[in-house]
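Colleague: Next up is a structure, given as structure tokens.
The values are calculated or read from the model by the stated rules, or taken from the named source; none is laboratory data. Remember, predicted model here, so these are calculated numbers, not experimental data. Methodologically, a virtual Cβ is constructed for each residue, glycine included, from the backbone with ideal geometry; neighbour enumeration extends over all protein chains shown. Each accessible area value is taken on the protein alone, full model and side chains, heavy atoms only, with ligands, DNA and RNA left out. Shrake-Rupley method; radii C 1.70, N 1.55, O 1.52, S 1.80 Å.
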Amino acid sequence: MESHIYNVDLHWVADRIGEVSSPELLDTIDVATPPQFPKGVDGVWSPEHFFTAAVNSCFMTTFLAVAENSKLEFTKFHCSAEGKLEKVDGKYLMTEVLLKPELVIVNESDREKAERILIKSEQACLISNSITSKVSLQMEIKVEQKREVHQT
């Protein structure tokens, strides 16, 4: 596969707030210093949120590709993520991202397959593979039979 470039622009707006955009995308997102830091801003995405979101969204997109290739039938995927910021040797680091995927599968017989796919997806995620932070999974897999819809 050839290399790809992703362009992101950042413009300072005021105080500790900036605006992130890309010439390749339609939306812009405000970004600010998180409220845990001096002059931090409540209610605005922070670099720490973006970092955690990058790991989480890469995990999801990788899962979708692996599940499709593995022909896993599922009806729901949701994943919460917790990014942990710590001071290590005098520097702030995002030391861990805990992914909490919730997956609803159609067949109980696919439970082990689903677990393998979730693990494989985390291991294959290019963002997880690009960072030094620990990435962990706390999985929940449920079974929900497809309901037949009868038309009258």
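Colleague: Do you know which residues across region 14-35 are loosely packed, with under 12 Cβ neighbours inside 10 Å and either in a strand (DSSP E or B) or in contact (Cβ under 8 Å) with a residue 24 or more places away in the chain (or both)? I'd like the intermediate steps shown before the answer.
Modeller: Within region 14-35, the subset loosely packed, with under 12 Cβ neighbours inside 10 Å is 14-15, 23-24, 26-27.
Ala14, Asp15 - these are the residues of region 14-35 that are loosely packed, with under 12 Cβ neighbours inside 10 Å and either in a strand (DSSP E or B) or in contact (Cβ under 8 Å) with a residue 24 or more places away in the chain (or both).
Colleague: Among the residues of region 130-143, which ones are within 13 Å of the chain's Cα centre (by Cα) and either touching a residue at least 60 places away in the same chain (Cβ under 8 Å) or open to solvent by 30 Å² or more (accessible area, probe 1.4 Å) (or both)? Full working, then the answer.
Modeller: As a first pass, look at region 130-143 and keep what is within 13 Å of the chain's Cα centre (by Cα): 135-137.
Selection gives Val135, Leu137.
Colleague: Take Glu122 and decide whether it is touching a Pro at 6+ places or on another chain (Cβ under 7 Å) and either part of a helix (DSSP H, G or I) or open to solvent by 90 Å² or more (accessible area, probe 1.4 Å) (or both).
Modeller: Criteria not met by Glu122.
Colleague: Kindly list the number of the only condition in (1) open to solvent by 80 Å² or more (accessible area, probe 1.4 Å); (2) part of a helix (DSSP H, G or I) that fails for Tyr6.
Modeller: (2)
Colleague: It is to be established whether one or more residues within region 69-80 are modelled with pLDDT of 95 or more, in contact with a Pro (Cβ under 6 Å, 6 or more places away or on another chain) and either open to solvent by less than 50 Å² (accessible area, probe 1.4 Å) or not charged (D, E, K, R) (or both).
Modeller: Yes, that holds for at least one residue.
Colleague: Now, a different point. What do you reckon, is Leu85 aliphatic (A, V, I, L, M) and open to solvent by 50 Å² or more (accessible area, probe 1.4 Å)?
Modeller: So Leu85 passes the test.
Colleague: Among the numbered criteria (1) farther than 29 Å from His11 by Cα; (2) part of a helix (DSSP H, G or I); (3) open to solvent by 70 Å² or more (accessible area, probe 1.4 Å), which single criterion is violated by His49?
Modeller: Evaluating His49 over (1) farther than 29 Å from His11 by Cα; (2) part of a helix (DSSP H, G or I); (3) open to solvent by 70 Å² or more (accessible area, probe 1.4 Å) leaves (1) as the failure.
Colleague: Given the options Met60, Met94, name the one that is touching a residue at least 12 places away in the same chain (Cβ under 8 Å), in a helix (DSSP H, G or I) and under 30 Å from Thr33 (Cα atoms).
Modeller: Values: Met94 fails: in a helix (DSSP H, G or I).
That would be Met60, the only listed residue that is touching a residue at least 12 places away in the same chain (Cβ under 8 Å), in a helix (DSSP H, G or I) and under 30 Å from Thr33 (Cα atoms).
Colleague: A further question on this structure: Name every residue in region 90-118 that is open to solvent by less than 30 Å² (accessible area, probe 1.4 Å) and over 24 Å from Ala53 (Cβ atoms), in order of residue number.
Modeller: Result: Ile105, Val106, Asp110.
Colleague: Could I ask something else about it? So in region 63-91, with the set limited to residues that are assigned to a strand (DSSP E or B) and aliphatic (A, V, I, L, M), which one is nearest to the chain's Cα centre (by Cα)?
Modeller: Once the filter is applied, the top-ranked residue is Ala81.
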